[in-house]
Amino acid sequence: MTTVLAPDLTDAPLSLLEENAGGDAARDLDRHVDLLRHVGRGARGPLLRLYVPNPTLAFGRRDARLDGFDAAWETAASAGFTPVIRSAGGRATAYHQGTLIVDQIQPDPEPMLTHQQRFAMFGDLFADALRTVGVDARVGEIPGEYCPGEFSVHGVGADGVRVKLVGTAQRVVAGAWLFSSVVVVNDAAPLRSVTAQVYQDLGMELDPATVGAVEDVTSPRPSAVSVADVAGAVVATWEAAGYRFE
């Protein structure tokens with residue numbers, strides 16, 4: 001069942017920005033921060049940004065304080081994943097061309113008031129979107145997942161194995177909030193490999209089997225789900241929930 005959004009979140013239409021990765025992982029992350037600041041000061045309206053990233057290992061600020069951080073940084077770079085430290089989010093997360101980044105930015109005079117509500121709301125929205133492409137999608141942390149969170153979105157395969165599919169994070173500034181999500185669609189193997197190595201370097205627990213992709217848990221199988229398919233499902237689900245696009 002599609003989540004019903006609060007009226008104050010749907011009054012103004014969203015600008016839909018479908019962008020290509022710029023080739024610089026740090027610049028791609030800076031882009032959403034720049035957009036957030038523009039929205040916060042009223043220079044532009046609410047927006048939904050969709051883009052496919054280049055291979056990146058985004059570390060959280062807490063990761064940078066761990067003894068194994070330098071080794072983890074080198075591990076990521078050696079595996080072909082550009083290491084960066086992100087301003088929003090929790091622990092280390094890998095993504096590449098088989099993933100979709102979804103950044104929603106909204107003006108809000110009190111952006112912290114509905115901080116927890118947004119995690120629950122967007123978790124439900126992403127689960128709804130993934131169900132439309134054939135995934136038994138559910139919301140909730142699964143044991144041993146990377147960047148663990150109460151509102152992670154996971155899929156359940158035919159064998160009952162649960163894999164994390166969507167990780168979410170937030171950032172707020174005066175006058176606006178950013179809700180950023182990573183949806184893993186295809187080619188989980190390199191993500192699983194680099195994530196396992198990085199978490200080992202950092203001394204953090206991880207069950208590599210929880211690192212998966214939409215294509216791994218679609219029903220019926222085999223199912224050729226593309227990043228474009230998931231992007232379309234996101235937009236359609238947002239529209240069904242009450243968002244309008246311009």
- Three-way shape call for the range 101-246 based on the alpha-carbon gyration tensor, with the a/c threshold at 1.5: oblate
- Directionally averaged projected area (convex hull, Cα atoms, the range 186-246), nm²: 6.3 nm²
- Message: Taking all protein chains in place and a 1.4 Å probe, what share, in percent, of the accessible surface of the chain do carbon and sulfur account for?
- Response: 50 percent
- Task: Apply the membrane-span-like helix rule to the chain: whole DSSP H runs, Cα extent along the own long axis of at least 20 Å, mean Kyte-Doolittle hydropathy at least -1.0. List the helices found.
- Result: 25-40, 115-131, 188-202, 227-241
- Dimensionless Rg over Rh [the range 152-235; C-alpha; Kirkwood]: 1.03
- Message: So for each of 136-149, 64-77 I average, over its residues, the number of other beta carbons within 10 Å; can you give me the resulting order with the highest mean first?
- Response: 136-149, 64-77
- When all alpha-carbon pairs of the chain are counted, what percent fall beyond 23 Å? 47 percent
- Task: At 1.4 Å probe size, with every protein chain present, just tell me what the per residue accessible area of the range 76-227 comes to in Å².
- Result: 38 Å²
- Item | Anisotropy class of the range 47-180 from Cα gyration tensor, a/c 1.5 cut | oblate
- Query: Along the Cα-to-Cβ line of A43, 7 Å from the Cα, sits a label point; which residues in the range 146-188 have backbone N less than 15 Å from it?
  - Reply: 173-176
- Place a +1 charge on the Cβ of each Lys and Arg in the range 153-210 and a -1 charge on the Cβ of each Asp and Glu, then give the dipole magnitude about the Cα centre in debye, rounded to the nearest 20. 220 debye
- Counting helices only, and only those DSSP H runs with n ≥ 4, report the 222 nm mean residue ellipticity of the chain as the sum of -39,500 (n - 2.57) divided by its residues, in deg cm²/dmol to the nearest 500. -9500 deg cm²/dmol
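The values are calculated or read from the model by the stated rules, or taken from the named source; none is laboratory data. This one's a predicted model, so the numbers in the text were calculated from it and none came from an experiment. In this analysis, Cβ positions are derived from the backbone assuming ideal geometry, glycine residues included, and neighbour counts consider all displayed protein chains. Calculation scope for accessible area: heavy atoms of the full protein, side chains included, ligands and nucleic acids excluded. Shrake-Rupley method; radii C 1.70, N 1.55, O 1.52, S 1.80 Å.
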